[in-house]
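Let me begin by presenting the structure, written as C-alpha cells, before commenting on it.
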Amino acid sequence: MKPPVSELDAEKLYQDLTAMIRKAIQGIDHVAIAGIRSGGAWLAERMAADLNLATPPGFIDVSFYRDDYAEKGLPAEVKPTQIPIDVDGATILLIDDVLYTGRTTRAAINELFDYGRPARIMLAALVDRGGRQLPIAADFVAAAVSAERHEMLVLHQADDKSFTLTVENA
C-alpha cells in the first residue's frame, strides 16, 4: 500500500535513497552525480558529500530541452547547466526529486549526451508519483505514492540543508 503524500518524511526518504545508492555503486569506477534543478540538484549536492564522491556534483537545467518549451517559454528561474566532469565513459547517477511523467528525465538525458557519451545512466528519485507518459523508470526510488493530477509534490531545502516535502495545487 502506498503511503499518503502528506505522511512523507523527506529526510527519512533521503537517508533511504542514499543507502540504496551507496550499496549499488560500490565497486563501480568513475561514478559521477548530476541533479536536475532544483530539487534534484539539492539532493545531488548533499548526496555527493555524503557518498564521499571524488568529483563534484553536476547540475542540469532542462528548460531548453523540454518538449513543451514552445508552449511554456523560458521560466524566470532558469540557471545554467554545470557538468564539471568528463561524461564520456562515466557512470552517471541522475537525481530528481519527484518522478512524474518522465519528460523532465528525458530532457535531462538529452542534455547529458550533449556533454559526451556516458557508459551508463542510473536514475534515482526521492518520490515516484506515477503518471508516466514516457517509458522511463528509476533504478532507485525512496517512495512511490499516488497523487491527484492537480497536486504537485514540492521539495524544499532549509538553510541547514534538511529537506521537507509539501503538496501544492497545480
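The values are calculated or read from the model by the stated rules, or taken from the named source; none is laboratory data. Predicted, not measured: the structure shown is a model, and the values here were computed from it. All Cβ positions, even for glycine, are placed from backbone atoms using ideal geometry, and neighbour counts span all protein chains on display.
Structure notes:
- Inter-residue pairs, beta-carbon under 7 Å, first in a helix (DSSP H, G or I) and in the stretch 109-137, second of a type in the set (S, T, Y) and modelled with pLDDT under 95, 6+ apart: N110/Y65; E111/Y65; E111/T81
- Selection count where residues are within 12 Å of I60 (Cβ to Cβ) and either within 13 Å of the chain's Cα centre (by Cα) or part of a strand (DSSP E or B) (or both), scope the stretch 79-92: 2
- Of the residues making up the stretch 34-61, those that are closer than 22 Å to L165 by Cα and among the aliphatic types (A, V, I, L, M) are A34, I36, A41, L43, A44, M47, A48, A49, I60.
- Entry remark, the stretch 113-135: residues being under 13 Å from the mean Cα position of the chain (by Cα) and not charged (D, E, K, R) number 7 in total.
- For the stretch 20-54, the set of residues classified as of a type in the set (A, V, I, L, M, F, W, C) and either buried (at least 19 other Cβ atoms within 10 Å of the Cβ) or on the phi > 0 side of the Ramachandran plot (or both) consists of I21, V31, A32, I33, A34, I36, A41, W42, L43, A44, M47, A48, listed by residue number.
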